[in-house]
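Notes follow once the structure below has been shown.
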Amino acid sequence: MTSDQQAILDIRGLTVRLPARADRGNAIENVSFSVLPHEILCVVGESGSGKSVTAHTVMGLLPPKQLTATAGQVLLQGDDLLKKTPGEMRALRGARMSMIFQEPMTALNPLMSIGDQIEEILQIHTQMSAAESHGRMIEVMEAVKLPEPERLIHSYPHQISGGQRQRVMIAGALALEPILLIADEPTTALDVTTQAQILKLIKDIQRTHGTAVLFITHDFGVVAEIADRVVVMQHGLVVEQGEAKNVLTNPQHPYTRMLISSVPSMTPPKRPDTAAAPVVLETQALCKTYADRSLFRAARETRAAHNVDLTVRRGETLGVVGESGSGKSTLARCIVRLIDPTGGQILIDGHDIAGLSERRLRENRRLVQIIFQDPYRSLNPRRTVKASIIEGPMNFGVSKAEALTRASDLMTLVGLDPDALDRFPHQFSGGQRQRICIARALAMNPEVLIADEAVSALDVSVQAQVLELLDDVRKRFNLAILFITHDLRVAAQICDRIAVMYKGEIVEHGKAAEVFGTPSHDYTQALFNAAPGRDFEFGNFASA
Amino acid sequence: MSAITDWAGADLRGKIAGLRRSMLARHPTMAFGGAMLIFMIFCAVLAPWLFTGDPITFNPINRLKSPGDSFWFGTDMFGRDIYSRTIYGTRISLVIGLSAALLSVAFGLVIGLAAGYVRILDAILMRIMDGLMAIPGILLAIALVSLSGASLLTVTIAITIPEIPRVVRLVRAIVLTVREEPYVEAAVAAGTRLHLILIRHILPNTIPPLIVQASYVCASAMLNEALLGFLGVGTPPEIPSWGNIMAEGRTYFQLAPWIIFFPGAALALTVLGVNVLGDGLRDTLDPRIAKKM
Amino acid sequence: MLAFIAKRMVAIIPVMGVVALFVFLMLRLSPGDPASIIAGDYASPADIERIREQLGLNAPIPVQFGKWLWTLAHGDLGISIFTNLPVSKLIAQRIEPTLMLASTTLVFAVLVAVPLGIIAAWKAGTWIDRAIMIFAVAGFSIPVFVLGYILIFQFSLELRWFPVQGYTSPFVDFWKFLRHITLPTVTLSVIYIALITRITRASVIEVMEEDYIRTARAKGQSERIVLMRHALKNAAVPIITVIGLGVALLIGGVVITESVYNIPGLGRLVVDAILKRDYPIIQGLILVFSLVYVMVNLLVDIIYTLVDPRIRY
């Protein structure tokens, strides 16, 4: 940090108290860092680290009465924001400092046109005439590269894409040339290709306008992509800060070292050849088409999955990667027969289950088990872990005593205490619940395990552990795993082979090392190029 | 261990304990509601011993006496004691309120589960429910009673039927949401049979909102029973009910307003108690719905 | 838009079909011979036979239903047994007071309830909020007719501000109309106000927690304008829904209120018909009221599309 520059934002010893009965006393404690002119400062941390609370405190947007700043200063160009009246804060918000949020769909008012929402900020803070504010609005929309601004201002948020919505948010935030832009996980809800565009936009704008940016993220790929400096937070405390390059390559604090070591590499490790193993799961021309019939117009058809051919062999992991809407989850749900495919075959050990009746299907349910994304909704909150795990085996005639023995063995296997079987899901963390879900699936002795974004909702450190567990059970039980993910880094680490899905079809398919090394399809190339921090190799500091 | 006791053991016990702890501290109004209901049951059961006289036999000497020492609530045009009649009237209101709540929830639950889980039934059942909802409830009840003759049973049925569609919609909406939950899909993938899925995973989610709904049905049924009585198509005049006491007082309203006032106040307080109890239950059992209502 | 309305009109057909079937079956499935029920307790066998013939009761049930639907489709609701007049004519004669009472109530209730709900949401958690909510739950609990008699007792008999009962058409004497309609309107409004206040408060509170409200605050917008400009319009859909669904409540309330205030409207018509067991009138009015309910809710659906650009037709 060059000391002659005055910081745009200087946070000194900030403490924000949590309401009584929370799991800790303060949301953030004694947080100090500053954002200098012309820089992007990334605040990085896992969920519950207090990074978002810090950002909201700066903007004065903490929920009143629940969270209150109790100590410290928040200096915007030397002016303490904690001492401002609500009216003074309103005058600053949107004009001197702006904020954009994680989910651009919900952050925009669904009933207000795009133009009105951007123009609103000009009306609040300036006395511009209608013509002036219209001109300014078009100008900022062009600056954030929104197409056809004159037409777009009459659209509503639901009529434009996710990336465009975030551009609209950014246009509004920049309309009055603020000195500070706070971005709270602005690309987390976006697909990777859109994320790359938005990151580039934020970087460009920061360069051309000289805006200081406070960027909140949990993703070290994003940090490597755009950060000038980094602040690492854990449990409401700043544990490390410094130049991005230094922190990423030579982290000092054990927590930072652990975090960075947990980021999966984009380069797949060498894996044993599985080509000789028998095929367990095979789909042939699998299709799922949704028809939206209506009395007054022709039926509208959506091809969620089309002519999908894939094979998974015993003991191998096939990764299906794709962005949202690519049909990868539809594929998973078809194979488990949670939804009925509209065409093609699903062969498990050579037997087609695609067209089986519910009764015949039930006998085959044991063979394919699934693990879902959201650990908080994957277990019945009203039933004990034990009841959840033994339910499946008992459906297949296993005695209760035997099912219980198996359940407690599996708990040990997934790294949990068998005594915890009598507890309820809410007594476990997200990662632990995902382990329980794995135990529940394994209790069925399945041939095929489908992991549908099974680690996507987890913090990066927990993610690494669950991935390790999955790979471990694959080896131990010689399982075939179909691993559905949007996360290329995760796919690179765990998959033997990769299938890339785009608009319901598999566009590329091959060994992980080959697909990552020399992607052949245009879409695959675009996808890989968009991965944040793709050129950055995150070191493993775990042993250091 | 059956699925039901499983659920009750795990969930309800904790909830009830929570209820007890929080009731007085956080929901004084709910405590009032509960007290009202208990008081009402007390009156209904112990009616003959609560300083009441004969509520039915005419006593022309004492006709239209205003409230005072000998007749706390006054007398009607046949000289019957309004206090005694009001206390005995509690029985009808209570029986009809509680049975309408039980019956509508029972039928609504079965129909709602069927509609939520069986595609073909869904379209048919929901059209029937739409039609039923379109008929103003009180008119439907009036028509049903006047066609089939007024008795405790017909009045109860007539009051229950219009309440069913709302329960069905509630149950169906819950089923449609919950069946998409990953834990339900995991149970399907584990080969769990439909009836076990319903009992173990779906049904428990309907219980808290149904308890709340039942309290609202109870309140509305008591009001509707009184309305039917008031319009002269309620329970037979031999059995005193708050509705028919007030109906008889209509003609003498300017002369003897107490005939309407006392049973009216009893009804309003009871319904208020049940409604407040329902609001409190909703806040405690289902904070998500509480936020919405 | 026209296609949307057409589609919704088509969707009304099965609903009204169910209503018609219900009304039809109610009479057929009730114990005893419908003809003698209709004819009443004092009818001669000849009367009963005449009614049997008139109702076509000798044909098989599905044929009877079909024939009845056919006459209904032509707007023929049957003949009143007591007055021997067409039911549709009786309804036309009596509809004005009911329409007047329903509209004054609707307007009054919405004008009172929506602001009350907004104030309660705005002051959520304070004593103002609590007072409004207590009023709302009390409004749910007091029987319409008890409230009616209390109001008559206080304002007509004691204070003599309003006439005790009766109705005057606004086209005859507007001032007298106002004096007559005030108490019935207030009486009938209370439950409706309670309902709309609760839903208004709830949906405003819910909307105020949405992300776009935070965005508006992040723009530096004042709380008042955040509420008026961003929250209210978003809260409107559930409020309009409840106003539409509440029409069922309103119709039920009209029947009672007209009895209490002796207003010669449809409510009185139906109550009198019940006491005289004049079934064609009861049937006809149930059908008409149901149609009104369904049409109001169609209107509500159309209003949705105007409020919310996301709702496509």
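When A:Pro381, A:Pro375 are checked against the criterion of being in the same structural domain as A:Ser324 (by TED's automatic domain parsing), assigned to a loop (DSSP other than H, G, I, E, B) and open to solvent by 50 Å² or more (accessible area, probe 1.4 Å), a single residue qualifies: A:Pro381. Here is the figure for the stretch B:134-177: residues that are open to solvent by 10 Å² or more (accessible area, probe 1.4 Å), at the interface with another protein chain (Cβ under 10 Å from one of its Cβ atoms) and more than 20 Å from the chain's Cα centre (by Cα) total 3. Using the structure shown, decide if B:Tyr117 is of a type in the set (Ser, Thr, Tyr), over 21 Å from B:Leu227 (Cβ atoms) and within 13 Å of another protein chain (Cβ to nearest Cβ). For B:Tyr117, the condition - of a type in the set (Ser, Thr, Tyr), over 21 Å from B:Leu227 (Cβ atoms) and within 13 Å of another protein chain (Cβ to nearest Cβ) - is met. Within the stretch B:259-266, is even one residue assigned to a loop (DSSP other than H, G, I, E, B), within 11 Å of chain C (Cβ to nearest Cβ), among the small types (Gly, Ala, Ser) and out of contact with any Lys or Arg (no Cβ under 6 Å at 6 or more places or on another chain)? There is no residue in the stretch B:259-266 that is assigned to a loop (DSSP other than H, G, I, E, B), within 11 Å of chain C (Cβ to nearest Cβ), among the small types (Gly, Ala, Ser) and out of contact with any Lys or Arg (no Cβ under 6 Å at 6 or more places or on another chain). When the stretch C:121-142 is filtered for residues that are in contact (Cβ under 8 Å) with a residue 40 or more places away in the chain and within 26 Å of the chain's Cα centre (by Cα), the ones remaining, listed by number, are C:Ile132, C:Met133, C:Phe135, C:Ala136, C:Val137, C:Ala138, C:Gly139, C:Phe140, C:Ile142.
Of note, A:Val16 satisfies the criterion of being in a strand (DSSP E or B) and more than 18 Å from A:His218 (Cα to Cα).
Among the criteria (1) of a type in the set (A, V, I, L, M, F, W, C); (2) more than 10 Å from chain B (Cβ to nearest Cβ); (3) open to solvent by less than 30 Å² (accessible area, probe 1.4 Å); (4) under 19 Å from the mean Cα position of the chain (by Cα), the one C:Val226 does not fulfil is (4). Being of a type in the set (A, V, I, L, M, F, W, C) and away from chain C (no Cβ under 14 Å) is the filter here; which residues of the stretch A:56-78 pass it? Once the filter is applied, which keeps residues that are of a type in the set (A, V, I, L, M, F, W, C) and away from chain C (no Cβ under 14 Å), the stretch A:56-78 yields A:Ala69, A:Ala71, A:Val74, A:Leu75.
Summed over the stretch A:208-223, residues that are over 18 Å from A:Val247 (Cβ atoms) and modelled with pLDDT of 90 or more total 2.
Check whether at least one residue in the stretch A:112-121 is closer than 23 Å to A:Ala189 by Cα, open to solvent by 50 Å² or more (accessible area, probe 1.4 Å), under 29 Å from the mean Cα position of the chain (by Cα) and touching a residue at least 24 places away in the same chain (Cβ under 8 Å), and report yes or no. Taking every residue of the stretch A:112-121 in turn, none turns out to be closer than 23 Å to A:Ala189 by Cα, open to solvent by 50 Å² or more (accessible area, probe 1.4 Å), under 29 Å from the mean Cα position of the chain (by Cα) and touching a residue at least 24 places away in the same chain (Cβ under 8 Å). Scanning the stretch C:51-80 for residues that are over 20 Å from C:Phe289 (Cβ atoms) and not in a helix (DSSP H, G or I) yields a count of 5. So if I check each of A:Ala499, A:Ala454, A:Ala491, A:Ala441, which one is part of a strand (DSSP E or B) and under 27 Å from A:Thr311 (Cβ atoms)? Residue meeting the stated conditions: A:Ala499. Among the residues of the stretch C:147-178, those identified as free of Cβ contacts under 8 Å to residues at least 60 places away in the same chain, surrounded by fewer than 15 Cβ atoms within 10 Å (Cβ to Cβ) and within 16 Å of C:Pro97 (Cα to Cα) are C:Phe171, C:Val172, C:Asp173, C:Phe174, C:Trp175, C:Leu178. All of (1) outside any strand (DSSP E or B); (2) away from chain C (no Cβ under 14 Å) hold for A:Leu122 with one exception: (2). Inspect the stretch A:391-402 for any residue being open to solvent by less than 40 Å² (accessible area, probe 1.4 Å), touching a residue at least 24 places away in the same chain (Cβ under 8 Å) and more than 9 Å from every other protein chain (Cβ to nearest Cβ) and give the result as yes or no. Looking through the stretch A:391-402, none of the residues is open to solvent by less than 40 Å² (accessible area, probe 1.4 Å), touching a residue at least 24 places away in the same chain (Cβ under 8 Å) and more than 9 Å from every other protein chain (Cβ to nearest Cβ). When restricted to residues that are farther than 28 Å from A:Glu103 by Cα, out of contact with any Phe, Trp or Tyr (no Cβ under 8 Å at 6 or more places or on another chain) and small (Gly, Ala, Ser), the stretch C:202-259 contains 2.
Does C:Met208 satisfy the condition of being over 19 Å from the mean Cα position of the chain (by Cα) and more than 7 Å from every other protein chain (Cβ to nearest Cβ)? In short, yes. For residues that are under 24 Å from A:Glu120 (Cβ atoms) and free of Cβ contacts under 8 Å to residues at least 24 places away in the same chain, scanning just the stretch C:229-259, find the one that is farthest from the other protein chains (Cβ to nearest Cβ). Looking at residues that are under 24 Å from A:Glu120 (Cβ atoms) and free of Cβ contacts under 8 Å to residues at least 24 places away in the same chain, I get C:Arg229. The requirement of being part of a helix (DSSP H, G or I), in the same structural domain as A:Gly319 (by TED's automatic domain parsing) and buried (at least 21 other Cβ atoms within 10 Å of the Cβ) is satisfied by A:Ile436. Among the residues of the stretch A:18-66, just one is of a type in the set (Lys, Arg), surrounded by fewer than 24 Cβ atoms within 10 Å (Cβ to Cβ) and closer than 26 Å to A:Ser461 by Cβ, namely A:Arg24.
The values are calculated or read from the model by the stated rules, or taken from the named source; none is laboratory data. Computed from a predicted model, the values in this text were never measured in an experiment. So basically every Cβ, Gly included, is an ideal-geometry build from the backbone, and we count neighbours across all protein chains shown. We work out accessible area using only protein heavy atoms, side chains counted, and drop any ligands, DNA or RNA first. Shrake-Rupley method; radii C 1.70, N 1.55, O 1.52, S 1.80 Å.
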